[in-house]
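Peer 1: Below: one structure in structure tokens.
What follows draws every value from the coordinates through simple rules; no lab data is involved. This structure is a prediction, so every number in the text was calculated from the model and none was measured.
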Amino acid sequence: MPTEKDIYDELRLCEDELDLRRNGFLTNPTWRIWSGSIRAVKKDPAKTRVLERAEEMTLLREYLKTESDPIEVGWLTALVRGLY
């Protein structure tokens, strides 16, 4: 059974993954895999309880509401970085 610290650490990892994607450092194939795992957070009551208390996890909270790709770089930057 995971502890609250274990759950917090997993949520922190999700937040970091969202930050990487937002800043254009995750390829589309990687994002497709990781985003499914991130979306699964809202189906786990223990994780949602910890997330409610973790005010600093704004990217994760926003993503779970909208489920929209957080990438903010333009298409040219994405192309140069090989994100497609």
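Peer 1: Just to be sure I understand, if you calculate semi-axes √(5λ) of the Cα gyration tensor in Å for this structure, which of (1) 21, 15, 11; (2) 28, 19, 9; (3) 26, 12, 10 do you get?
Peer 2: (3)
Peer 1: Normalised by the number of residues in the chain, what is the relative contact order in percent for Cα pairs under 8 Å and 6+ residues apart?
Peer 2: Relative contact order for the chain comes out at 46 percent.
Peer 1: ³J(HN,Hα) across the stretch 44-56 via Karplus (A = 6.51, B = -1.76, C = 1.60, θ = phi - 60°), whole Hz, x for Gly/Pro?
Peer 2: Using θ = phi - 60°, the values come out as 10, x, 5, 5, 5, 5, 5, 4, 4, 8, 9, 4, 6 Hz.
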